[in-house]
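Notes for the one structure printed next.
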Amino acid sequence: MVRLVESGRAARVLTTACGLGVFDALARGPLPAVAVAERLGTDARAPGILLDALAGLGFARKRGGRYANSRVSGSFLRSGSPGGVLSNLRYQELLAPAWARLPEIVRTGVPPRSLRRLLAQDPEFSRDYILGMAEIARRPARELAGSLPLSGARDALDVGGGPGAFARALAEQQPGLRVTLLDLPPVLKLARRLLSGCASRRRIELKAGDYHKTPFGHEAFDLVLMSHITHDEGEAGNRRLVTRAFDALRPGGRLVIHDFMLSRDRTRPLYGALFSVHMLVYTRQGRAYGLDEYRRWMREAGFGSIRSFPVCAGLANATRAVVGSRP
Ligand SMILES: C[S@@+](CC[C@H](N)C(=O)[O-])C[C@H]1O[C@@H](n2cnc3c(N)ncnc32)[C@H](O)[C@@H]1O
């Protein structure tokens with residue numbers, strides 16, 4: 001129990017430091033706490049206390065009263081670090097006020113601000129949400145694209161494709177494949193920036209729309225990908241998406257659903273069970289679903305040859321892909 005309380009505090013110290021820009025403040029070399037406070041424009045006393053805890057956690061080094069970035073924070077927690085995760089941790093920080101209201105959310109079942117409202121009204125949230133996803137999507141995207149039977153596929157639809165990591169990985173994996181990435185207009189602005197200069201860019205079409213309303217088309221694709229979107233939706237919404245994907249696929253085409261997937265009793269893996277609570281905090285109907293649920297929805301929509309496999313197995317936040325074929 002004590003360890004869990006400590007972990008909760010440690011996580012808040014880390015995400016707060018990311019949100020305040022502590023690691024950027026230390027980017028040009030060691031500083032005393034008072035100089036960090038000046039750079040951040042904060043209270044003079046507080047950053048020293050935060051920095052001592054960061055040093056204890058291994059995210060800062062303290063020598064002779066001066067603080068420096070550790071190897072990890074210098075490499076992964078500064079703005080613009082290649083392979084860094086600063087935006088993702090800032091996104092976690094932006095949701096901390098919602099997590100603080102968990103008791104009220106459990107009582108009422110209603111999040112203070114839903115993902116839909118956050119995306120529509122809060123540009124800072126949208127930016128860190130999408131850039132944060134781009135930071136963590138590269139590896140699973142490459143692995144997933146490498147595990148799919150893409151030979152002969154000409155057209156793919158990436159529903160809620162966000163920053164475009166999966167669209168890009170699919171296009172790179174299968175030369176000649178055209179990928180349509182469907183997402184909300186403000187998200188596509190970021191996707192356009194992130195995809196600029198990538199070799200397969202001309203085969204990726206960015207299509208602005210709402211995946212609840214924008215038609216997917218009829219027998220227009222060989223592959224439909226839904227990566228990390230079903231956890232934002234309720235069960236009825238997901239069944240509709242799966243049915244619409246079936247209609248959008250050519251005979252022989254495949255639907256791929258990629259997400260955190262839970263055991264039949266919904267308690268494992270732990271990352272997924274906790275992620276479900278994360279969805280409770282800022283979506284109206286979302287949660288992590290079980291592999292058995294995805295299989296059932298696909299079967300009921302008419303898909304056959306349904307199989308699943310792990311993605312990034314061995315990582316704490318490993319995911320799964322379920323693939324079904326339209327006969
Ligand atoms: C968790 S992200 C997943 C992004 C990407 N597929 C991936 O796996 O990295 C969910 C994506 O769905 C998009 N999205 C949410 N609601 C949407 C809607 N109604 N229409 C289109 N896109 C939507 C969000 O903008 C976001 O890019």
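State yes or no: is L182 among the hydrophobic types (A, V, I, L, M, F, W, C), part of a strand (DSSP E or B) and within 11 Å of the ligand (Cβ to nearest atom)? The answer is yes for L182.
So which of L77, L31, L57 is farther than 23 Å from R9 by Cα and aliphatic (A, V, I, L, M)? Explain how you work it out, then say what you get.
Values: L77 fails: farther than 23 Å from R9 by Cα; L57 fails: farther than 23 Å from R9 by Cα.
Selected residue: L31, the only one of L77, L31, L57 that is farther than 23 Å from R9 by Cα and aliphatic (A, V, I, L, M).
Just one of the listed residues (R63, R90) is over 20 Å from G286 (Cβ atoms), in contact (Cβ under 8 Å) with a residue 12 or more places away in the chain and not assigned by TED's automatic domain parsing to the domain that holds T16, and it is R90. If you go through the range 234-281 and keep only what is within 14 Å of the ligand (Cβ to nearest atom), closer than 14 Å to E293 by Cβ and charged (D, E, K, R), you end up with just D259.
Taking the range 189-204 as the search range and keeping residues that are in contact (Cβ under 8 Å) with a residue 40 or more places away in the chain and in contact with a helix residue (DSSP H, G or I) (Cβ under 7 Å, 6 or more places away or on another chain), which one is surrounded by the fewest Cβ atoms within 10 Å (Cβ to Cβ)?
Start the filter on the range 189-204 by keeping residues that are in contact (Cβ under 8 Å) with a residue 40 or more places away in the chain, which leaves 190-191, 194, 204.
Subsequent filtering for residues that are in contact with a helix residue (DSSP H, G or I) (Cβ under 7 Å, 6 or more places away or on another chain) retains 190, 194, 204.
Numbers: L190: 20, L194: 17, I204: 23.
The qualifying residue surrounded by the fewest Cβ atoms within 10 Å (Cβ to Cβ) is L194.
With respect to H231, is the statement that it is within 13 Å of the ligand (Cβ to nearest atom), in a helix (DSSP H, G or I), without any contact (Cβ under 8 Å) to a residue 60 or more places away in the chain and surrounded by fewer than 20 Cβ atoms within 10 Å (Cβ to Cβ) true? It is true that H231 is within 13 Å of the ligand (Cβ to nearest atom), in a helix (DSSP H, G or I), without any contact (Cβ under 8 Å) to a residue 60 or more places away in the chain and surrounded by fewer than 20 Cβ atoms within 10 Å (Cβ to Cβ). For V85, indicate whether it is β-branched (V, I, T), under 18 Å from the mean Cα position of the chain (by Cα) and not assigned by TED's automatic domain parsing to the domain that holds I130. Answer is yes for this residue. When the test is whether a residue is closer than 25 Å to K213 by Cβ, in the same structural domain as M226 (by TED's automatic domain parsing), charged (D, E, K, R) and in contact (Cβ under 8 Å) with a residue 60 or more places away in the chain, R244 does not pass it.
Could you grab me the full set of residues in the range 170-188 that are closer than 23 Å to S147 by Cα and buried (at least 24 other Cβ atoms within 10 Å of the Cβ)? Please lay out each step first, then the result.
Residues of the range 170-188 closer than 23 Å to S147 by Cα: 170-182.
L170, A171, V179, L181, listed by residue number.
Considering only residues that are assigned to a strand (DSSP E or B) and charged (D, E, K, R), look in the range 135-159 and name the one that is nearest to the ligand (Cβ to nearest atom).
D158
Highlighted here are the helices (runs of 4 or more DSSP H) found entirely within the range 39-134 that include at least 1 residues which are small (G, A, S) and modelled with pLDDT of 95 or more: 46-57, 71-76, 86-94, 96-99. Whenever a residue of the range 105-123 is within 14 Å of R287 (Cα to Cα), its partners that are surrounded by 15 or more Cβ atoms within 10 Å (Cβ to Cβ) and among the basic types (K, R), lying with C-beta atoms within less than 6 angstrom and at least six residues away or across chains, give the pairs S114/R284.
Screening Q173 with (1) within 15 Å of the ligand (Cβ to nearest atom); (2) in contact (Cβ under 8 Å) with a residue 12 or more places away in the chain gives one miss only, at (1).
Can you name the residue in the range 205-228 that is near the ligand (Cβ under 7 Å from one of its atoms) and exposed (fewer than 14 other Cβ atoms within 10 Å of the Cβ) and is also nearest to R250 (Cα to Cα) among such residues? The selected residue is H212. Please determine whether any residue of the range 286-295 is over 30 Å from L102 (Cα atoms), modelled with pLDDT of 95 or more and outside any strand (DSSP E or B). So far as the range 286-295 goes, yes, one or more of its residues are over 30 Å from L102 (Cα atoms), modelled with pLDDT of 95 or more and outside any strand (DSSP E or B).
The values are calculated or read from the model by the stated rules, or taken from the named source; none is laboratory data. Everything numeric in this text was worked out from a predicted model, so none of it was measured. As a convention, Cβ positions derive from the backbone with ideal geometry for all residues, glycine included, and neighbour counts pool all protein chains shown.
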